Number of protein chains: 6
Amino acid sequence: MDDGVQSRLRAVSTATISMQLLKRGIRAVSMAGVAPLRRGFPRIAGPAYTLRFLPFREDLFDVAKIGDPESSQRRAIEEAPAGSVLVIETHGATDTGTLGDILALRLKVRGVEGVVTDGAVRDAAGVLAVDYPVFAGGVAAPASYNGLVDGGHQLDISCGGVTVRPGDAVVADDDGAIVIPADLAAEVAEAGWEQERLERFIAREVARGRSIVGVYPPNDETRAAYRAWVDAGEPED
Amino acid sequence: MDDGVQSRLRAVSTATISMQLLKRGIRAVSMAGVAPLRRGFPRIAGPAYTLRFLPFREDLFDVAKIGDPESSQRRAIEEAPAGSVLVIETHGATDTGTLGDILALRLKVRGVEGVVTDGAVRDAAGVLAVDYPVFAGGVAAPASYNGLVDGGHQLDISCGGVTVRPGDAVVADDDGAIVIPADLAAEVAEAGWEQERLERFIAREVARGRSIVGVYPPNDETRAAYRAWVDAGEPED
Amino acid sequence: MDDGVQSRLRAVSTATISMQLLKRGIRAVSMAGVAPLRRGFPRIAGPAYTLRFLPFREDLFDVAKIGDPESSQRRAIEEAPAGSVLVIETHGATDTGTLGDILALRLKVRGVEGVVTDGAVRDAAGVLAVDYPVFAGGVAAPASYNGLVDGGHQLDISCGGVTVRPGDAVVADDDGAIVIPADLAAEVAEAGWEQERLERFIAREVARGRSIVGVYPPNDETRAAYRAWVDAGEPED
Amino acid sequence: MDDGVQSRLRAVSTATISMQLLKRGIRAVSMAGVAPLRRGFPRIAGPAYTLRFLPFREDLFDVAKIGDPESSQRRAIEEAPAGSVLVIETHGATDTGTLGDILALRLKVRGVEGVVTDGAVRDAAGVLAVDYPVFAGGVAAPASYNGLVDGGHQLDISCGGVTVRPGDAVVADDDGAIVIPADLAAEVAEAGWEQERLERFIAREVARGRSIVGVYPPNDETRAAYRAWVDAGEPED
Amino acid sequence: MDDGVQSRLRAVSTATISMQLLKRGIRAVSMAGVAPLRRGFPRIAGPAYTLRFLPFREDLFDVAKIGDPESSQRRAIEEAPAGSVLVIETHGATDTGTLGDILALRLKVRGVEGVVTDGAVRDAAGVLAVDYPVFAGGVAAPASYNGLVDGGHQLDISCGGVTVRPGDAVVADDDGAIVIPADLAAEVAEAGWEQERLERFIAREVARGRSIVGVYPPNDETRAAYRAWVDAGEPED
Amino acid sequence: MDDGVQSRLRAVSTATISMQLLKRGIRAVSMAGVAPLRRGFPRIAGPAYTLRFLPFREDLFDVAKIGDPESSQRRAIEEAPAGSVLVIETHGATDTGTLGDILALRLKVRGVEGVVTDGAVRDAAGVLAVDYPVFAGGVAAPASYNGLVDGGHQLDISCGGVTVRPGDAVVADDDGAIVIPADLAAEVAEAGWEQERLERFIAREVARGRSIVGVYPPNDETRAAYRAWVDAGEPED
């Protein structure tokens, strides 16, 4: 992902991106049930690095292999590139943590942008202490070994009911996490940035007491006033 | 709704109102899954103004009509009276936002008491920045157009599994949102206010180490002590 | 429960305890959907005192019996020993509160360690004001009488899909609540305490930029370094 | 339960009984998700004998105790009286069978009226071959030992979200299973029997082309005609 | 609805209609969880007549009004035109019956095409005895008065998560129920009829052992053979 | 899979196999929500051939590619070996059909043992007419293209919450579908066959009126009688 695109995506809300995708006929992009571990993380954006778990089965579990560096989970922790978003499929297993504080710390040190999963995170207090942006389907004490087995990495996955492919753009903020098809990322970032500037102007008008009629969405007159405001350097008031 | 009743309802918790309704044989009034966007909003109370969405269907959607001022949503934003509570039915569509920061700002400017919905709110950070009391089934990035179509306004609706009719009293606080049948609002507000005064006295006794037996609920002796406390001006200690 | 064991359990996270139980072949111990009323309560740990509700049935409800001191709920409030954890089964009735601020205050005064339930708590603002640690399936305004009837106390129960027997150790923190079979409590507390000391060392290494390979889980070299660190008095740096 | 009452209850549909209970203010009696293993079993009715399972926990399971005659399940199979209905609580564990063909056969031989559970039945083909009336939340291959442990017998239980006490009347047919508070059984049986006779008359009128207005529910004229029809010996036509 | 269109729709499966709508960009038309009361009813098709229930609330219920001919339910039973499909919204209340055998009989006598609901039907044995085509979300003993109140009729509704408007075409068979926007009904009926003729030919080829490659979907050669088969009068063999 | 093993597995119920696996410490093998399209199919057993769908996303759908022979679905239809069981992951998408009558017919012609999916089947009437054994999570009219996209084939998958790997043994009957780890298939088949012979003897005893105590499970005396019965050629009576 181009650095400029990534910066722009970090500056545009998932709400705005979602609207830009809707206008392009793309709806099925918002991950159900995925929320930030706490409100107010900086927005994250980057290409998806995917990790997949499968349901626990006794014969596929070996207690001696806990923490095996060859497992997909451990390889993802060490191999997901700096700037990427680690996206984890669990088939909605919110009763099992997919990572805890030490792995979150390692991802932070390695410069990975953040984690998005429809499963749970464990050691929530520790992860918050590390202050690493994690967006998950819940919080749970048990480790992945309690309810999941290795399902591979860098595969196409489903997360929160949404298909994510390695390299798709993923953006997450207080509204949750969405995926942007890779080839739309630049265009959506730009259009979203412009939409948000317009909405700042509109919010200013609404705050002054104007009705939304003719303002949101803007009619020609409002658009002209917006253009003048932009030309004037977007004055605070 | 009478101003005095509205003030009283703002001063009585939904927990207390629920108990007063239970004593009158009314149970089915608490909206499942509806929670404040953040803890600690001032309690809201007012007559319901209702808005209804229906599930998305491709032939009922026209991208050119996004933000149409004649839509039920936009009319509700401009027409819900100051002091009313905007209650929104979505059939539990928590993956789609029913309003965002600009519409919340407009409602705030217009003096609408707050919003209650079993759907989601979008642009959560923006709505919190506006500091407008919203009680919802969740948070989601996509706009209503992503998953909902117009279902009318000022109809009887279902919100959180509870029937709400225009003009019913709706109260919401950190425990969630409940509806009070319009003709019981004044009586329940008064009885609730009295119940909470009694409970402040009881809490004072329990804090001093008294068992709940004979105190909560109060026996004759406790009731007499309560009366004396009220007559003494409800001293802090 | 031995005081030393209880102290140790209060010092070990549910994530760590869960891993210690997993290593002993015990997986089915984490209560689904049970979360702290707010983040950051001190961790609670103690032997379970159990309370059970059953679904509401009109003929089993008598409005005159609200608050009956002979009910299982009220007896539990007065009889659960200091240091015990009150665990409440509701069959997942998250639309009905099992206790509110006055009962929480009474439990606090009595020295009961905290409350764990798969049902809801009501009067959340009041319970938070009392600052009593409650772990619940949700928040709801209605009282237990709205949707539940007496189901007994000090029985084996199911809470959050987990079997809890009177006297089992229950621990709860920001990751949720887990049960430890009574006869494993001491052993797990000790092993967990040791595991967390090791993980503090590992986190220190990872913070310094080391890969997790060979560190987490530790190989012989890392284990030796850990031993040296322990022998040196666990220096901060 | 009086034999006459039991016979009457076997002759009255759960739909009719539910309406008779509703008219007496009792609504919370129909077990959600409980259905006959196949359509068309003879309706069953009798006093409840209750059995309770709790969620599986590894330390409470002993492979050597499979089929232990002292378990609550096996005692229930041998001790539930002829004519009683065995009602089994599983907290909705529809992925685990609570009994199979051999136990069903034993219950049949012993004259137990039938089984009602919110869990699953296993060996469905075998149970159907035995032709024993079972009403369950589903069908599943695994035995109870796969996901459940002993939770006692002849306790008050919850089945399908409804409280059932030993001795309550339980009736089940193609519409599912309902409970009747013990002291209402005789009265409801009688009133239900009368209601169904009236509805046979009404159905006859409707089949002849009459509007439901004035007929269902019946006005005075229709009631008079009904009386005449009864006095005439309820002629087929 | 034109009689010819209605006849054609009765002859085309919901699977085929769904594919025809998909090819026209319409996906959100299949009602989740709605199934025939038994397999093998003749397929029903007709314009929707809508009925809406809302959740039960004690103050909106009057036992004396049970069966009130002025209620929306009773008016729908008497007023839905012959040939129409009665579609009933319950917000997924599968624990409450929306109609039973007598009302089904009346609808049959009046020539109403059938019933589709996301709620339950009661008196299943009786409705099956009447042999009236009902497609529902489940079976339950209690009457609508047990859990629902009047929500109006001939409104736009949501049924099984799909928006249905009065006059939309509704088709139901063993695969469930779908809605066709009114202005697409004729076109879809025709195209669906043609698709099914083609698929009969394809099935004939596949039964003879041909691979689906080039056959399903058909390539030019297969299309030519199909044309020849049609021209030859669609010989059985 | 060895032919003898496959024959044995077809002769042993999933209930019995599940018990044999439980005795070997394997529990997580029964697919939740997967049921036969109708009761009474011959039991199917064979090595898994896996197919995976992912959630629909607009940019991954091309209407011109419907039926593309290079898609994983079509390749699975043509490539799954005779005798194998086609197992399809949909993440529980029961509102979308994964195959219909023509593809079922092709699988039948090709000798594929049957289909198991946690998604839906469409054209249920047609599939039943073909009389091909399908075990699914439901029935729905829409085609896979309505809600799913290609997710690959012959991958490890999750079906009904159970991990299935290509080559694992899958068995399905009226109790649903289970997976047997490949290397346990022969042993479990043999032990299951023996268990069922014993249970036939036990059922004979129970039918004659014997208590289950000492019989089920059998004590030494019963085991001796069983041995004698086997030695006598398993006489009917």
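Each residue of the range E:154-168 was assigned a 3J(HN,Hα) from its phi angle through the Karplus curve 6.51 cos²θ - 1.76 cosθ + 1.60 (θ = phi - 60°); the sequence is 6, 9, 5, 9, 10, 9, x, x, 10, 6, 10, 10, x, x, 4 Hz, with glycine and proline shown as x.
Ordered from highest to lowest accessible area with the whole protein assembly present and a 1.4 Å probe, C:Y226, B:Y145 read as B:Y145, C:Y226. Helix A:101-110 and the long axis of chain A differ in direction by around 60°, with both axes built from C-alpha atoms. Report the antiparallel proportion of the DSSP beta bridges in the protein assembly as shown as a percent, rounded to a multiple of 5. Restricted to the protein assembly as shown, the bridges split so that about 60 percent are antiparallel. How would the range A:30-97 be classified by its alpha-carbon gyration tensor: rounded, prolate or oblate, with rounded meaning a/c under 1.5 and the a/b versus b/c comparison settling the rest? The shape class here is oblate. Bridges between two residues of the range A:1-136, per DSSP, are antiparallel at a rate of about 15%. When the helices of chain D are scored as -39500 (n - 2.57) per DSSP H run of n ≥ 4 and the total is divided over every residue, the value at 222 nm lands at -10000 deg cm²/dmol. Enter the Cα centre distance for the pair the range E:93-157 and the range C:137-212, rounded to the nearest angstrom. Between the Cα centre of the range E:93-157 and that of the range C:137-212, the gap is 46 Å.
In the context of the full set of protein chains, chain A has a per residue accessible area of 34 Å² (1.4 Å probe).
Here the mean projected area of the convex hull built on the C-alpha positions of the protein assembly as shown is 57.4 nm². Averaged over the residues of peptide D:125-135, the number of Cβ atoms from other protein chains lying within 10 Å of each residue's Cβ is 2. Chain B comes nearest to the axis taking it onto chain F at the Cβ of one residue; that residue and its distance, in whole Å, are B:E58, 6.
Among B:F135, B:F201, B:F53, the largest mean-square fluctuation in a Gaussian network model of chain B (Cα springs under 10 Å) belongs to B:F201.
Sorted from closest to farthest, the other copies place their A:A232 label points 6.4, 6.4, 8.1, 9.0, 10.6 nm away, with each point set 7 Å from Cα along Cα→Cβ. Note on chain F: GNM, Cα springs under 10 Å; of F:V162, F:V12, F:V112, the largest mean-square fluctuation is that of F:V162.
When you count the other C-beta atoms within 10 angstrom of each residue and take the mean per peptide, C:57-65, E:76-84, C:185-193, B:91-99 line up highest first as B:91-99, C:185-193, E:76-84, C:57-65.
Ranked from shortest, the separations from the 7 Å Cα-to-Cβ label point of D:G40 to its equivalents in the other copies are 0.9, 0.9, 6.6, 6.6, 6.7 nm.
With label points defined 7 Å past Cα in the direction of Cβ, position E:E187 shows copy-to-copy spacings of 2.6, 5.7, 6.3, 6.3, 7.2 nm, given to one decimal and shortest first.
Take the accessible area of A alone and of B alone, subtract that of the pair with a 1.4 Å probe, and the total buried over both chains is about 2300 Å². Net charge in the neighbourhood of B:K65 (other residues with Cβ under 15 Å of its Cβ; Lys, Arg +1, Asp, Glu -1) is -2.
Expressed as a fraction of 2.2 N^0.38 Å, the value expected for a compact globular protein of N residues, the C-alpha radius of gyration of the range B:14-154 is 1.04. Per residue, the average separation of C-alpha pairs within less than 8 Å and at least 6 apart gives chain E a relative contact order of 28 percent.
Structure remark: mean-square fluctuation, Gaussian network model of chain F, C-alpha springs under 10 Å; the largest value among F:S71, F:S13, F:S30 belongs to F:S71. In this structure, the amide hydrogen of A:I180, modeled 1.01 Å from its nitrogen in the peptide plane, lies closer than 5 angstrom to those of A:A169, A:V170, A:V171, counting only residues at least 5 positions away or on a different chain. With all protein chains in place and a 1.4 Å probe, the accessible surface of chain B carries 49 percent carbon and sulfur.
Sorting C:R8, D:R208, E:R204 on solvent-accessible area from highest to lowest, probe radius 1.4 Å, gives D:R208, C:R8, E:R204. Sequence-ordered 3J(HN,Hα) estimates for the range F:18-25 from the Karplus curve with 6.51, -1.76 and 1.60 and θ = phi - 60° stand at 4, 5, 5, 5, 4, 5, 9, x Hz, glycine and proline given as x.
Summary of packing: across the peptides B:148-161, F:163-176, the per-residue average of other C-beta atoms within 10 Å ranks them, highest first, as F:163-176, B:148-161.
Phi angles of the range C:69-86 translate, via the Karplus equation with coefficients 6.51, -1.76, 1.60 and θ = phi - 60°, into HN-Hα couplings of x, 8, 5, 4, 4, 5, 5, 4, 4, 8, 10, 4, x, 3, x, 7, 10, 7 Hz per residue; Gly and Pro are given as x. Classify the range C:124-237 as rounded, prolate or oblate, taking a ≥ b ≥ c as the square roots of the eigenvalues of its Cα gyration tensor: rounded when a/c is under 1.5, otherwise prolate if a/b is larger than b/c and oblate if not. Verdict is prolate for the range C:124-237. Peptide C:8-18 is shielded by partner chain Cβ atoms: per residue, an average of 4 of them sit within 10 Å of its Cβ. Going by the alpha-carbon gyration tensor, a ≥ b ≥ c the square roots of its eigenvalues, is chain F rounded (a/c under 1.5) or, if a/c is not under 1.5, prolate (a/b greater than b/c) versus oblate? Prolate, since a/c reaches 1.5 and a/b exceeds b/c. For an R0 of 22 angstrom, estimate the FRET efficiency from the Cβ-Cβ distance between B:V63 and F:A64 and round to the nearest 0.05. Efficiency, rounded to the nearest 0.05: 0.40. Taking the DSSP bridge list for chain A and keeping only pairs wholly inside it, about 60 percent are antiparallel. Inter-chain Cβ neighbour count for C:117-123, averaged per residue, equals 3 (cutoff 10 Å, partner chain atoms only).
The values are calculated or read from the model by the stated rules, or taken from the named source; none is laboratory data. Bear in mind the structure is a predicted one, so any value in this text is a computation, not a measurement. Positions of Cβ are backbone-derived with ideal geometry, glycine not excepted, and every protein chain shown enters the neighbour counts. The area values use the complete protein model at the heavy-atom level, side chains included, leaving out ligands, DNA and RNA. Shrake-Rupley method; radii C 1.70, N 1.55, O 1.52, S 1.80 Å.
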